[in-house]
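These notes concern the structure reproduced below.
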Amino acid sequence: MNIEDQPLTRGELAKRGGVNIETIRYYERRGLLPKPPRSAAGYRLFSLDDDRRVRFIKRAQELGFSLKEIEELLALQNKPHTTRADVRKRAEAKMADIEEKLRDLQAMKESLEQLTATCPGRGSVCGCPILESFYSTKENHYGSKGEGQKASE
């Protein structure tokens, strides 16, 4: 039997996937990893497919997908009528989400640039225009409509 065909313990799977053991446990609880068989000694034995799945999850997270979205992507692979267009549609939706976040971040940066321009950076903190602006009730610090709302809402 090839060494690559050997079952992996949870620790080995975590190490190969570049994640913490607790992350593997969490993926198991969430159902992102199928329930593995156990050895005679009671150890969970993971397969190379599980290793591939952990890498899939980690890479998808790096690209901004939530665990819920990753579950959906993984489920698409098991649906007989799923097409590449279905997967592409989800990737395009994620790109749109990222574009919106980038716009929000740019607006936040511009607002901070304006605030820092009003502060001489010397003297007592009392009356600091940056800190005082955080108490302000007027709209428009970075295009916000109000407390807890994004500009795009």
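Listing for the model above:
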{"item": "Answer label for Rg/Rh (Cα atoms, Kirkwood Rh) (calculated), chosen among (1) 0.93; (2) 1.05; (3) 1.20", "result": "(3)"}
{"item": "Dipole-positive endmost among P34, S124, Q106 within the chain (Cβ charges, Cα centre)", "result": "P34"}
{"item": "Listed residue pairs exceeding 27 Å between alpha carbons, taken from K58/K101; K15/K79; K35/K101", "result": "K15/K79; K35/K101"}
{"item": "At least 27 Å along the helix axis (C-alpha) and Kyte average at least 0.5, DSSP helices within the chain", "result": "none"}
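Bear in mind that the values in this text are calculations on the coordinates, not laboratory data. All values derive from a computational prediction rather than experimental measurement. Neighbour counts are summed over all protein chains in view; Cβ atoms, including those assigned to glycine, are modelled from backbone coordinates with ideal geometry.
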